[in-house]
Structures are given as C-alpha cells and as structure tokens.
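Below is one structure, written out as structure tokens; the observations come after it.
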Amino acid sequence: MEKWHLMTIVVLIGLTVRWTVSLNSYSGAGKPPMFGDYEAQRHWQEITFNLPIKQWYFNSSDNNLQYWGLDYPPLTAYHSLLCAYVAKFINPDWIALHTSRGYESQAHKLFMRTTVLIADLLIYIPAVVLYCCCLKEISTKKKVANALCILLYPGLILIDYGHFQYNSVSLGFALWGVLGVSCDWDLLGSLAFCLAINYKQMELYHSLPFFCFLLGKCFKKGLKGKGFVLLIKLACTVVASFILCWLPFCTEREQTLQVLRRLFPVDRGLFEDKVANIWCSFSIFLKIKEILPHHFQIIIRYCYQENKCFIFIRFFSFCFTFLSLLPACVKLTLQPSSKGFRFTLVSCALSFFLFSFQVHEKSILLVSLPVCLVLSEIPFMSTWFLLVSTFSMLPLLLKDELLMPLVVTTIAFFIACATSFSIFEKTSEEELQLKSFSLSVRKYLPCFTFLSRIIQYLFLISVITMVLLTLITVTLDPPQKLPDLFSVLVCFVSCLHFLFFLVYFNIIIMWDSKSGRNQKKIN
C-alpha cells in the first residue's frame, strides 16, 4: 500500500508541474496568419467536426491544406473529432467552420490544456507508473523515484503543455507496447504499438526494434511449432488493428493514397528549420555536393533536371539510417531479450533522428522515451542524454517564450535524478555498463583505464557549454550577417552529443553478451 501512496504523490507532482507550465502562453498566440501548433490542433477539431470523413485530407474551399491541413494518421483525426464534440457542447464558436480560425480566449485555452492533461492521465501516466512498478531487482523507493524522474522529464512537458502537442498519446501507446512485449503479452503489446503508429507516423522510429524483438521470440520458440503460431497471431493482430483504424479511408484507392501523401510528403527537402541531426548541423560546414565524387554530382544534377532529386536524397538518407541501425537490430533478432529490446529502441530511434529524411526538432522525444526506460540501469548517462535532448529544442522553446519554464523544469528534473540515483557516484565502468568493452580494449591497450574519468570530464564540459550557449542566446543579439548563428550552434553542439550517445548505446548493445559471459565467470 505504501508504494501506491507514494506513486499517487508522484503523479500529483507530475500533474502540478504540467498544469503550471500550461499557464504560460502557447505556440503562435496572437501571431497571425498561422498562429502556431495550438491553432493547428484546434483547426483539426473544426475540420473533423464540420466535414465528412472523405474530405478530411483533401484540399477544398472548406479545407485549405496550406492552413494546417491534417498530416497525421487517422487516430489523430478521430481524437480531434472526439475533442470537437466536447467543444461543441461547451461553446460551438470554438469549432465553427471558417469563423473560428485563430480563435483565442482564456476559456478555450483552459479547454485545450485540459484535453492534453486528460490524455496524459488516461494513457501516458498509467503506463509510466505500471512500467516502474514492474521493474525488477530494485526497491520500492527506487521504483517511485524512477517514476518521478520520468514524469518530470522537461522535454515532453514543455512541448505538450508549452508548445502544445499531444505527444504523450503516441508515446503512451508505445510505452504500453513496450510493457506488453516485455511481459510476454505479445498480442496486446503489438496492438498498443499499432495504435501508436496510427496516432503519429513518427512512431516508425520504434518499429524495427518491435519487429526484431518479436521475430526473435518467434525464432526462439521455433518456426515449425509455437513460434509459427505466434507469428501468425502477431500478423493478424497488426493487420486487424490497421484495418480498423483505416477502414473509412480504404473505400477508394485515391482516398488511401491521399492520406499517405499527407503523412509522407516525399517532395520536401532533406530538412527544415534548425534540427540537431547530421544533415542540418553539418550542412553549415560541409556542402554535400562538394565532398561527393564527380560522377555522383553528375547523377544528382541529372536527377535535379528531371525533377527526381528528392528520390536520390531520400535514398541517400535511407542508406545512412539503415546502416547505422543494422547491427543493433541483427543482434536483437538473434538474441532477443528485454534489456536488448530497450537499448535497441534507443539506438534505432537515435539513428532515425540523426540520419533520416525530414526530421523535426520535436522528434528527439521519440529517443527520450526509451532513454527514460533505462534510467534506472544507467542513471548518469540517461540523465545526461535527457538534459541534452531538452537543450536541443532551445530555439523552438524560446520562440514560444518558454525560457522560465525551461529553466525551472530542467533544474527540478536534474535535482530529482541526482538525488534519487546518486548519479555522480555511478560513473564507474561497471555502472556505465562499459566494463566488457574496456576489457576488450585493454587486451590491445593495457593503459586504457581512464574511460570513466573521460566521461566525467565530458559531462562537465557538456553542462558548461549548454549553460553558456543558453545564456548567450538569451542575452546577446546575433550578428546581422549571421542571424541564425546561436540556433545553429545549439543544433551543432547537440548533434555532436547525439553522435557520441549513438556510439555509446551501440557499444552497450554489442558487448552485452560478453558482459553476460564475464559475469558468469565471476559467479
């Protein structure tokens, strides 16, 4: 009973922090003609309520796709429709066709904030609490502390309650999926993850680890017996859940294709805005066309002339993404385990963020969720990553006037992690899960005994750099010739961090079995 009392207090703290952040301004407040993401969410309620389903994703006089057209899967549209029915009951003006665009009032702000909070309460927060309760080999207090730290993660709070999104819905479904497949409730886990994908297509970042983990389970059970039965059940679950979500849009071929075109706009460029991935960060210093061989430049020029350049760019991006996540996925398929699954989720999501096509800065939340799931296993590195992930969204958060909430929530999160897990006392090679890797290196370099010390110094340099860049961005004006200088620096520094973390998490994955063998020898 004590555990549930403590968990209730943790949930109340999480809700209080969320609601306090929501009292600030929101994305695009008072900024016509588009008004920001808050207006996008309100507009989708307007469209889904007033137009028939077949018109939701098509351009028309009543649905100008240039004005926040729907570009998420059907489950998001259904959620908007549900909210619209409640809005209609309270005040029909909030979703009146055409006349409600740009609507701003305190009552409507309260309503919209409440919808995010309710979604959190119904989907994300219960998944976090249950996940932490299911953690093994740690005390009740550690489970409660783990839940507190996850619920205080500033990145998700600031985006959902400050910038205004419903990321907690898709991330919550994904977490229910992780819980399901980790506890051998494979069909329920698959169903939950399919709901996540059908809410936001970016959940495809997590799809390969789910696929490889479940396929590995089928191989382990034997594809000529129970494994084959499980594979058929999983396939039927996935197909049935997608059919159920997409049924209203599958009556006509053009209808289905239009939804897919809205979800995957392949004719866009490699990246937009300032995002801390490879393509955006290094394009400032290295122009891709200058480092490619001459015959590749000819191919690119031909593709551009034939209006097929975007195909080449997507293929180029796909190759880098696929190669970076391949080792972890192969390892998970051959040796499926709950621990390997969690770390592969981190590695694959980070590979997608760094190398894939058309990444948004908010997509780092898709990496942060699985990092939260390994917080109790590697608290020092997980805390560090979650701090960097929040910092990487600094330009977006400053645009939404969220400086004070950013500072307060970040400090609160860091204090919670530092006190709950004593992170500065857990920087040894064993605690960082780098012992096996270090032993392998020391076979060739006996003097390689300073890895944990290097990581501690890197952490110190990292924190100082992030604090200084934040202060500079807030207090100084950039040069007139380089108006985006500070934003670019934030992205570049964050990208270097993420590359470092990608290597780190892949080392843990690839040396995991060696660590297990070494532990058996010690025992």
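The values are calculated or read from the model by the stated rules, or taken from the named source; none is laboratory data. The structure presented is a predicted model; accordingly, all values stated were derived computationally and were not measured. Note that we place each Cβ from the backbone using ideal geometry, even for glycine, and neighbour counts take in every protein chain shown. Each accessible area value is taken on the protein alone, full model and side chains, heavy atoms only, with ligands, DNA and RNA left out. Shrake-Rupley method; radii C 1.70, N 1.55, O 1.52, S 1.80 Å.
Here residue 36 fits the description: at pLDDT below 90 and small (Gly, Ala, Ser). Checked against (1) within 30 Å of residue 164 (Cβ to Cβ); (2) assigned to a helix (DSSP H, G or I); (3) modelled with pLDDT under 90; (4) not β-branched (Val, Ile, Thr), residue 417 passes all but condition (3). Residue 306 passes every criterion in (1) at pLDDT 55 or above; (2) of a type outside the set (Val, Ile, Thr); (3) open to solvent by 50 Å² or more (accessible area, probe 1.4 Å) apart from (1). Taken over the range 156-190, the criterion of being aromatic (Phe, Trp, Tyr), buried (at least 23 other Cβ atoms within 10 Å of the Cβ) and over 14 Å from residue 125 (Cα atoms) is satisfied by 161, 164.
So which residues in the range 254-280 are modelled with pLDDT of 75 or more, under 25 Å from the mean Cα position of the chain (by Cα) and open to solvent by less than 60 Å² (accessible area, probe 1.4 Å), if there are any at all? So that I can check it myself, show each step before the final result.
So the first thing to find is which residues in the range 254-280 are modelled with pLDDT of 75 or more, and the list is 254-265, 275-280.
Then keep just the ones that are under 25 Å from the mean Cα position of the chain (by Cα); that gives 259-265, 275-280.
Within the range 254-280, 259, 262, 263, 265, 275, 276, 277, 278, 279, 280 qualify.
Which ones in the range 52-85 are closer than 17 Å to residue 101 by Cα, touching a residue at least 24 places away in the same chain (Cβ under 8 Å) and hydrophobic (A, V, I, L, M, F, W, C)? Residues satisfying the conditions are 65, 68, 70, 81, 83, 84.
Pairing each residue of the range 9-37 that is part of a helix (DSSP H, G or I) with any residue that is open to solvent by 30 Å² or more (accessible area, probe 1.4 Å), provided the two are 6+ apart or on different chains, yields C-beta distances under 6 Å for 10/148. Every test in (1) open to solvent by 20 Å² or more (accessible area, probe 1.4 Å); (2) of a type in the set (D, E, K, R); (3) in contact with a His (Cβ under 8 Å, 6 or more places away or on another chain) is passed by residue 331 save one, and that test is (3).
All of (1) touching a residue at least 40 places away in the same chain (Cβ under 8 Å); (2) touching a Leu at 6+ places or on another chain (Cβ under 9 Å); (3) more than 27 Å from residue 393 (Cβ to Cβ); (4) among the small types (Gly, Ala, Ser) hold for residue 189 with one exception: (1).
Does the range 441-455 contain at least one residue that is under 24 Å from the mean Cα position of the chain (by Cα), part of a helix (DSSP H, G or I), buried (at least 16 other Cβ atoms within 10 Å of the Cβ) and at pLDDT 90 or above?
Checking the range 441-455: not a single residue is under 24 Å from the mean Cα position of the chain (by Cα), part of a helix (DSSP H, G or I), buried (at least 16 other Cβ atoms within 10 Å of the Cβ) and at pLDDT 90 or above.
Is it true that residue 495 is assigned to a helix (DSSP H, G or I), touching a helix residue (DSSP H, G or I) at 6+ places or on another chain (Cβ under 9 Å) and within 29 Å of residue 28 (Cα to Cα)? The answer is yes for residue 495. Here the range 350-372 is the region considered, the condition is being among the β-branched types (Val, Ile, Thr) and assigned to a helix (DSSP H, G or I), and the residue that is nearest to residue 432 (Cα to Cα) is 371. Restricting attention to the range 117-155, the residues that are open to solvent by less than 10 Å² (accessible area, probe 1.4 Å) and among the charged types (D, E, K, R) total 1.
If you go through the range 93-116 and keep only what is in contact with a helix residue (DSSP H, G or I) (Cβ under 7 Å, 6 or more places away or on another chain), closer than 25 Å to residue 162 by Cβ and open to solvent by 30 Å² or more (accessible area, probe 1.4 Å), you end up with 101, 103.
From 388, 374, which residue is touching a His at 6+ places or on another chain (Cβ under 8 Å) and of a type in the set (Val, Ile, Thr)?
Unique residue meeting the criteria: 388.
Just checking, does the range 218-231 include any residue being open to solvent by less than 30 Å² (accessible area, probe 1.4 Å), more than 15 Å from the chain's Cα centre (by Cα) and of a type in the set (A, V, I, L, M)? Looking for residues that are open to solvent by less than 30 Å² (accessible area, probe 1.4 Å), more than 15 Å from the chain's Cα centre (by Cα) and of a type in the set (A, V, I, L, M), one finds at least one in the range 218-231, hence yes. For the range 47-81, enumerate the residues that are farther than 19 Å from residue 260 by Cα and surrounded by fewer than 14 Cβ atoms within 10 Å (Cβ to Cβ). Correct list: 61, 62.
When the range 332-391 is filtered for residues that are among the β-branched types (Val, Ile, Thr) and out of contact with any Lys or Arg (no Cβ under 9 Å at 6 or more places or on another chain), the ones remaining, listed by number, are 333, 346, 359, 364, 367, 371, 383, 388, 390.
Quick check on residue 298: is it modelled with pLDDT under 95, assigned to a helix (DSSP H, G or I) and open to solvent by 50 Å² or more (accessible area, probe 1.4 Å)? The answer is yes for residue 298. Residue 251 passes every criterion in (1) closer than 24 Å to residue 55 by Cα; (2) open to solvent by 20 Å² or more (accessible area, probe 1.4 Å); (3) in a helix (DSSP H, G or I) apart from (3). For the range 432-485, the set of residues classified as in contact (Cβ under 8 Å) with a residue 40 or more places away in the chain and closer than 29 Å to residue 400 by Cα consists of 459, 462, 463, 466, 469, 470, 473, 474, 484, listed by residue number. The C-beta contact set for the range 247-266 (first residue under 14 Å from residue 358 (Cα atoms), second residue open to solvent by 50 Å² or more (accessible area, probe 1.4 Å) and hydrophobic (A, V, I, L, M, F, W, C), distance under 7 angstrom, 6+ apart or interchain) comprises 266/310.
Do we find that residue 405 is part of a helix (DSSP H, G or I) and either under 18 Å from residue 135 (Cβ atoms) or open to solvent by 10 Å² or more (accessible area, probe 1.4 Å) (or both) in this structure? It is true that residue 405 is part of a helix (DSSP H, G or I) and either under 18 Å from residue 135 (Cβ atoms) or open to solvent by 10 Å² or more (accessible area, probe 1.4 Å) (or both).
Quick check: is even one residue across the range 19-35 more than 23 Å from the chain's Cα centre (by Cα) and open to solvent by less than 10 Å² (accessible area, probe 1.4 Å)? Scanning the range 19-35, I find no residue that is more than 23 Å from the chain's Cα centre (by Cα) and open to solvent by less than 10 Å² (accessible area, probe 1.4 Å), so the answer is no.
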